[in-house]
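The block underneath contains the structure these notes are about, expressed in C-alpha coordinates.
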Amino acid sequence: MNNYYPRLRDLQEDNDMTQQFVSDYLKMKQSQYSRYERGYRDLPTDVPIALARLYKTSADYILGLTDNPKPY
(Lines give C-alpha, C1' and ligand atoms only; values in the text may rest on other atoms or scores of the structure.)
Protein backbone atom coordinates (compact mmCIF):
# COMPACT_ATOMS: atom_id res chain seq x y z
CA MET A 1 0.00 0.00 0.00
CA ASN A 2 1.34 3.40 -0.96
CA ASN A 3 1.37 6.05 1.71
CA TYR A 4 2.80 8.93 -0.31
CA TYR A 5 -0.54 10.46 -1.26
CA PRO A 6 -0.79 12.76 1.78
CA ARG A 7 2.74 13.96 1.03
CA LEU A 8 1.61 15.24 -2.36
CA ARG A 9 -1.04 17.40 -0.72
CA ASP A 10 1.32 18.55 2.03
CA LEU A 11 3.97 19.63 -0.49
CA GLN A 12 1.39 21.53 -2.51
CA GLU A 13 0.06 23.35 0.54
CA ASP A 14 3.49 23.98 2.11
CA ASN A 15 4.57 25.65 -1.15
CA ASP A 16 1.37 27.74 -1.34
CA MET A 17 0.36 26.21 -4.66
CA THR A 18 -3.08 25.26 -5.89
CA GLN A 19 -4.00 21.96 -7.48
CA GLN A 20 -4.68 23.92 -10.65
CA PHE A 21 -1.17 25.38 -10.65
CA VAL A 22 0.44 21.97 -10.09
CA SER A 23 -1.73 20.29 -12.71
CA ASP A 24 -0.91 23.04 -15.23
CA TYR A 25 2.79 22.51 -14.47
CA LEU A 26 2.33 18.78 -15.11
CA LYS A 27 0.28 19.51 -18.27
CA MET A 28 -2.76 17.57 -17.09
CA LYS A 29 -6.29 18.31 -15.98
CA GLN A 30 -6.83 19.35 -12.38
CA SER A 31 -9.22 16.46 -11.84
CA GLN A 32 -6.55 13.97 -12.89
CA TYR A 33 -4.01 15.45 -10.48
CA SER A 34 -6.63 15.42 -7.73
CA ARG A 35 -6.98 11.65 -8.20
CA TYR A 36 -3.25 11.26 -7.59
CA GLU A 37 -3.42 13.35 -4.41
CA ARG A 38 -6.36 11.37 -3.06
CA GLY A 39 -4.81 8.01 -3.91
CA TYR A 40 -7.39 7.03 -6.50
CA ARG A 41 -4.70 6.58 -9.14
CA ASP A 42 -1.08 5.50 -8.95
CA LEU A 43 1.56 7.97 -10.08
CA PRO A 44 3.22 7.34 -13.42
CA THR A 45 7.01 7.56 -13.25
CA ASP A 46 7.28 11.00 -14.82
CA VAL A 47 5.03 12.69 -12.24
CA PRO A 48 7.20 12.31 -9.11
CA ILE A 49 10.24 13.35 -11.15
CA ALA A 50 8.48 16.52 -12.33
CA LEU A 51 7.13 17.22 -8.84
CA ALA A 52 10.61 16.80 -7.34
CA ARG A 53 11.82 19.52 -9.70
CA LEU A 54 8.87 21.77 -8.90
CA TYR A 55 9.20 21.40 -5.13
CA LYS A 56 13.04 21.24 -5.15
CA THR A 57 13.11 17.91 -3.34
CA SER A 58 13.82 14.31 -4.32
CA ALA A 59 11.50 11.79 -5.92
CA ASP A 60 12.40 9.49 -3.01
CA TYR A 61 10.90 12.02 -0.60
CA ILE A 62 7.74 12.36 -2.67
CA LEU A 63 7.35 8.58 -2.81
CA GLY A 64 7.91 8.19 0.92
CA LEU A 65 11.19 6.30 0.63
CA THR A 66 12.92 8.87 2.83
CA ASP A 67 11.82 11.50 5.30
CA ASN A 68 14.64 13.83 4.27
CA PRO A 69 13.17 16.48 1.94
CA LYS A 70 16.57 17.74 0.76
CA PRO A 71 17.48 16.66 -2.77
CA TYR A 72 20.60 14.58 -3.26
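The values are calculated or read from the model by the stated rules, or taken from the named source; none is laboratory data. As the structure is a computational prediction, the values presented were derived from the model and not from experiment. Positions of Cβ are generated from backbone atoms using ideal geometry, with glycine treated the same way; all protein chains shown enter the neighbour counts.
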**Request:** Scan the stretch 36-55 for residues that are among the basic types (K, R) and modelled with pLDDT of 95 or more and report the count.
**Result:** 1
**Message:** Please pick out the residue among N3, N68 that is of a type in the set (S, T, N, Q), surrounded by fewer than 14 Cβ atoms within 10 Å (Cβ to Cβ) and in contact (Cβ under 8 Å) with a residue 40 or more places away in the chain.
**Reply:** N3
